[in-house]
Amino acid sequence: MILRFFKRLLTFKFRKRPRFNARDGVFVIMENSARMNQVHNISMGGLAFDYEDTGYLIGKGSYELKVMSNTNLKLDRIPFKKISDFPVGEVLYPYRKIKRQTVQFEGLTNSQKAQLKHFIKNNTIGRA
């Protein structure tokens, strides 16, 4: 438990890109899923979102996701890989298994980078 805390502390200190808190209504949908998951924070390098663990496992491979704002699709087919996945919701939701997953974007095109930059500018509320 303490080791995990220090790992997280080091991660926050040495991030390559600043993260920004997402506004309410910013969601991510992973491929092969219809569930909208609330985005916690986002950067040019990746994002973190909360979700209910239903047993569907995301492995270490690469996948694609969609990022939405107020149910309007803003970024589609964003390639990513999972970085971490840990429980966060035991206190608020004692009968549901809420987790936070962090992902790193991979192989973004110049167009996707421009869309992401615009999305961050218009859908965040300050640095995380």
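Name every residue in region 101-117 that is in a helix (DSSP H, G or I) and either touching a residue at least 24 places away in the same chain (Cβ under 8 Å) or within 14 Å of residue 45 (Cα to Cα) (or both), in order of residue number.
Step one: filter region 101-117 for residues in a helix (DSSP H, G or I), giving 110-117.
Correct list: 110, 112, 113, 114, 115, 116, 117.
Restricted to region 9-24, and to residues there that are over 16 Å from the mean Cα position of the chain (by Cα) and in a helix (DSSP H, G or I), the residue that is modelled with the lowest pLDDT is 13.
Checking each residue in region 53-72 for being touching a strand residue (DSSP E or B) at 6+ places or on another chain (Cβ under 6 Å) and either at pLDDT below 65 or closer than 15 Å to residue 36 by Cβ (or both) picks out 58, 62, 65, 66, 67, 68, 69.
Can you tell me which residue among 27, 86, 80, 49 is part of a strand (DSSP E or B), modelled with pLDDT of 85 or more and loosely packed, with under 14 Cβ neighbours inside 10 Å? Show your work before the answer.
Numbers: 27 fails: loosely packed, with under 14 Cβ neighbours inside 10 Å; 80 fails: loosely packed, with under 14 Cβ neighbours inside 10 Å; 49 fails: loosely packed, with under 14 Cβ neighbours inside 10 Å.
Going through 27, 86, 80, 49 in turn, just one is part of a strand (DSSP E or B), modelled with pLDDT of 85 or more and loosely packed, with under 14 Cβ neighbours inside 10 Å: 86.
The values are calculated or read from the model by the stated rules, or taken from the named source; none is laboratory data. These numbers were taken from a predicted model, which means no experiment stands behind them. Note that we place each Cβ from the backbone using ideal geometry, even for glycine, and neighbour counts take in every protein chain shown.
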